[in-house]
């Protein structure tokens, strides 16, 4: 494997792993807890919400930008004068995860910063509507991250499974290069 292919494969694998981790945090939170947060009493909502914020804020502040950066590296390595489908799939994944990052930074983190300061005695009168807004945008970023993971996986599978490992395709390409009409079995 040449150096370029090695770097590309490493960037694609890193992107898939990091996108999986981001999506897993979002999906796990959405699937297991956040869809029922509106039914929790104020004390339970605050205890659970503040603990989740404490546990996830710092790791996700590192994980999400690093995941997006890995996808950017893969995009650069996939760039060609005539971009391939693998490039476009990686670009779609990059844009979707970037969208999840923007939702997180622009909407979710400011709400989290408010929730961190609340106590049961100081809950604002509209805390349920704030919690509902957080939930809506958490759902958006969860499904953006799922789409992102699917897209970068399709990009990686297309590049390595179809183009490099498919024996019949290799023989057809070789036959075309040699001017033969068929491939040799």
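Since every read-out is calculated from the coordinates, none of them should be taken as a lab result. The structure presented is a predicted model; accordingly, all values stated were derived computationally and were not measured. Cβ: placed from backbone, ideal geometry, glycine included. Neighbour counts: every protein chain shown.
Calculated FRET efficiency, residue 109 to residue 3, Cβ-Cβ distance, R0 = 35 Å: about 0.35 to the nearest 0.05. Normalised by residue count, the range 1-100 yields a Cα convex hull volume of 103 Å³ per residue. When each of the peptides 31-42, 139-150 is scored by how many other beta carbons lie within 10 Å of its residues on average, the order from highest to lowest is 139-150, 31-42. Put the Cα centre of the range 89-160 next to the Cα centre of the range 29-45 and the gap is 16 Å.
Once you divide the Cα radius of gyration of the range 3-178 by 2.2 N^0.38 Å, the number left is 1.31.
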